[in-house]
Amino acid sequence: MSTQQTPDGTSVEPQPVAAAPADANLVPLVELAPAISAVSVSRRAFLGFGLAITGGLVGAAALGTLFPVFAEDASAAAPIVPTYDPSTKQWAFVVDTAACIGCGLCVAACKEENHVPEEPEYTRTWVERHTVTTDGELYVDSPDGGINGFPPESTAPGAAGKPVEDAYFMPRLCMQCVNSPCTAVCPVGATYKTEDGVILVDARRCIGCGYCVVACPYGARYLVPAGELSPSDTPGVADKCTWCYHRISRGQQPACVEVCPVGARKFGDAADPTSEMAVLIAEQQPQPYRPEYGTEPRVLYLGPVTTEA
Amino acid sequence: MKTSSRLRRFWDSVRPRTRRGTFLAAFVIAGGAVVLSGVLFAGAAMAWNPYLDFSLNRDTNAKQWAALELSFTSSATCRECHETEHARLTSATHDGIGCQSCHGALIEHAEAGAKADAATVAVAVPTNEVCIRCHTAAKGRPAGFRQIVPSQHYVSSCLECHDPHTGIANRPPVVLHPLVDLPPCLTCHGPEGFKARNQRHPEGSKDDAKCIECHAAGRGPAERDHDPAVSE
């Protein structure tokens, strides 16, 4: 471009570029020459430097392989589940309250599989008995979380002696909510959602504040007490059902599903439209428990509990 | 050429020749050393202390959860060796029950594979408690699910009469009367009769004198020559 147009249409002669340095901070190359030559090296020395640096990097890489101090964690699961790709799964869990017989084998199996503390108040899953008496009252009992099964009559206070209209068992566990309050309230981001929809707790980050325990409307969380048994080997952190993440990532069913004698607990991949789970959800339309909480649970229920008032 | 003189010549070729060059070189070397030591220190600290894992990659933790060891195996794994039991189980009412529902966690047994035997990895024979856990009558169990009242049921060992794998084959008839004041025989050999021959029939109890008068223990006439026993 040799001329410039001004807004009124007249042309302006291009100004010659100033020969003198416009910026006083710019030092002419000529003046820098001594400094450059002061640190300049011969081509041979330069190549030698390059060779030495390359050799150093190769050596460091070799040392890093021998002593993997920078590796993430040598005991991580890479060699055990190399084929598991969470992004391809959308796990779902269906509980049939019409089928459950209240044996409590699921509760016992969960504790054994996940090293959950033995005391009944610490539990990842439990079974409730909902008893509706003829006067319309709903009584819920869950002796020791149902781990030893249930006595013939409801043990809920006030239920004794009342004529029963309807009674059924309701297995409970973490709902793995899509819209999860626990992950929302965690102040340190310790609890999080994986791509396949499971909510986990990172014991390295959890500070044990208990916010998530009280935030969960389903009461599915607890704080691991000091003691021998601890699911993540870290007493003091929050813990909850992981849908047996170590089992499902190996292609197995969660322990509670594995031992359920009547098929009241069903687990599968809803992302695969041909899977049993997807067909079950489409055909039987299981419902979330307490949908008014607005958390969009991934655990869905069939049977009498879905019509509970 | 000697090594020392080569080094001297090398140094002569690279050494700073002005004060400015000296400062520049010193700055570059010192700065590099500071950066390098910082990187090394952070790396060593992270390797030593997991709480200094600044990575935002959640995959690390998910992998730790995924790497936990199993206690329970799968029934499909059991079937690989125990096809007979599987066939019997799927033939009757206990079809669908996982092996470990009654036998307990079996991962060690499964991992021992063909080497597994009673001496190395024992598999528990279920006790009465395992049966009663499901089959005791209790409010809340689905209608149609088989339930017993243990105090009104002949119980010495469940497996004496019941085959847990085929379930229904040796099932005694439904008890129509309470055991009170009646011989235990009648628990099984009740009004409906119980004809199936049971290889594991217990020796006749001494309490059953009333029955044994006519029926020797474990034998006896197949035909009833008296009215059906009913209570009340």
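The values are calculated or read from the model by the stated rules, or taken from the named source; none is laboratory data. From a predicted model like this one, the values you see are computed outputs, not experimental measurements. When we count neighbours, we look across all protein chains shown, and the Cβ atoms used for this are built from the backbone with ideal geometry, even at glycine.
For residue A:87, the criteria (1) under 30 Å from residue A:277 (Cα atoms); (2) surrounded by fewer than 18 Cβ atoms within 10 Å (Cβ to Cβ); (3) at pLDDT below 85 hold in every case but one, which is (3). Report yes if residue A:265 is more than 7 Å from chain B (Cβ to nearest Cβ) and modelled with pLDDT under 95, otherwise no. So residue A:265 fails the test. Taken over region A:102-115, residues that are more than 29 Å from residue A:233 (Cα to Cα) and either in contact with a Ser or Thr (Cβ under 8 Å, 6 or more places away or on another chain) or surrounded by fewer than 24 Cβ atoms within 10 Å (Cβ to Cβ) (or both) amount to 0.
Residues in region A:137-191 that are of a type in the set (Gly, Ala, Ser) and in the same structural domain as residue A:289 (by TED's automatic domain parsing) were compared, and the one that is farthest from residue A:208 (Cα to Cα) is A:180. From the list A:167, A:160, pick out the single residue that is loosely packed, with under 13 Cβ neighbours inside 10 Å, without any contact (Cβ under 8 Å) to a residue 40 or more places away in the chain and within 30 Å of residue B:130 (Cα to Cα). Exactly one of A:167, A:160 is loosely packed, with under 13 Cβ neighbours inside 10 Å, without any contact (Cβ under 8 Å) to a residue 40 or more places away in the chain and within 30 Å of residue B:130 (Cα to Cα), namely A:160. Applying the set (1) in the same structural domain as residue A:229 (by TED's automatic domain parsing); (2) in contact with an Asp or Glu (Cβ under 8 Å, 6 or more places away or on another chain) to residue A:118 leaves exactly one unmet item: (2). Please determine, by comparing only the residues of region B:7-25 that are in a helix (DSSP H, G or I) and facing chain A (nearest Cβ under 7 Å), which one is surrounded by the fewest Cβ atoms within 10 Å (Cβ to Cβ). Once the filter is applied, the top-ranked residue is B:13.
Okay, residues lined up against (1) part of a loop (DSSP other than H, G, I, E, B); (2) modelled with pLDDT of 55 or more; (3) touching a Ser or Thr at 6+ places or on another chain (Cβ under 6 Å); (4) more than 11 Å from chain B (Cβ to nearest Cβ):
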| residue | (1), (2), (3), (4) |
| --- | --- |
| A:2 | yes, no, no, yes |
| A:9 | yes, no, no, yes |
| A:15 | yes, yes, no, yes |
| A:19 | yes, no, no, yes |
| A:30 | no, yes, no, yes |
| A:44 | no, yes, no, no |
| A:55 | no, yes, no, yes |
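Of the helices (runs of 4 or more DSSP H) contained entirely in region A:225-309, those carrying at least 1 residues that are of a type in the set (Gly, Ala, Ser) and either free of Cβ contacts under 8 Å to residues at least 60 places away in the same chain or over 15 Å from residue A:125 (Cα atoms) (or both) fall at A:276-284. In region A:97-138, the residue that is farthest from residue A:157 (Cα to Cα) out of those that are part of a strand (DSSP E or B) and more than 10 Å from chain B (Cβ to nearest Cβ) is A:125. The criterion of being more than 8 Å from chain B (Cβ to nearest Cβ) and touching a helix residue (DSSP H, G or I) at 6+ places or on another chain (Cβ under 8 Å) does not hold for residue A:235. Contact map, region B:58-77: residues that are more than 7 Å from every other protein chain (Cβ to nearest Cβ) paired with residues that are among the aliphatic types (A, V, I, L, M) and crowded, with 21+ Cβ neighbours inside 10 Å, Cβ distance under 6 Å, separation 6+ or inter-chain. Pairs shown: B:73/B:106. The set of residues from region A:187-205 being in contact with a Lys or Arg (Cβ under 9 Å, 6 or more places away or on another chain) and surrounded by fewer than 16 Cβ atoms within 10 Å (Cβ to Cβ) comprises A:188, A:189, A:195. Residues of region A:143-153 that are within 36 Å of the chain's Cα centre (by Cα) and either within 11 Å of chain B (Cβ to nearest Cβ) or surrounded by fewer than 20 Cβ atoms within 10 Å (Cβ to Cβ) (or both): A:143, A:144, A:146, A:147, A:148, A:149, A:150. Screening residue B:54 with (1) more than 7 Å from chain A (Cβ to nearest Cβ); (2) modelled with pLDDT under 85; (3) in a helix (DSSP H, G or I) gives one miss only, at (3).
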